[in-house]
Amino acid sequence: MRTAKPSPAFASLQTHRMDKRAGSTATLLCLSSCSATAAPSLGLFGAFFPGWLACGIMGLLGGGISRAVMVATGLAEQLPFQLAVNASIGLIVALLAWLAWFGQ
């Protein structure tokens, strides 16, 4: 008894399904790598906020303040790539806040 060969469209569908399963599995493995302890959080006004959110807001404020200082001092007219510089300053502020609060 001969078995029927699958059509090319069926084989393509099977490959597509396997690709989706592999992608889903890889995503779940990446998400499951968190530690068993609770995530760092801050108690503000009776509610708990994630630590990364507070540090991100501080970084945005740091970048905004650095932009205001550069405009006020006239440095903004002389400095190229202001967006990259202010974003870097904001990132540094956020990372330093994270290190100060949750660093080990």
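The values are calculated or read from the model by the stated rules, or taken from the named source; none is laboratory data. Remember, predicted model here, so these are calculated numbers, not experimental data. Positions of Cβ are generated from backbone atoms using ideal geometry, with glycine treated the same way; all protein chains shown enter the neighbour counts.
Brief remarks follow.
- Where P80 falls short, out of the listed (1) in a loop (DSSP other than H, G, I, E, B); (2) in contact with a Cys (Cβ under 6 Å, 6 or more places away or on another chain): (2)
- Every residue from region 77-98 that is aliphatic (A, V, I, L, M) and under 28 Å from A54 (Cβ atoms): L83, A84, V85, A87, I89, L91, I92, V93, A94, L95, L96, A97
- Some residue of region 15-23 being modelled with pLDDT under 85 and under 20 Å from the mean Cα position of the chain (by Cα): yes
- In the condition set (1) surrounded by fewer than 13 Cβ atoms within 10 Å (Cβ to Cβ); (2) of a type outside the set (K, R); (3) modelled with pLDDT of 85 or more, T37 is compliant with all but (3).
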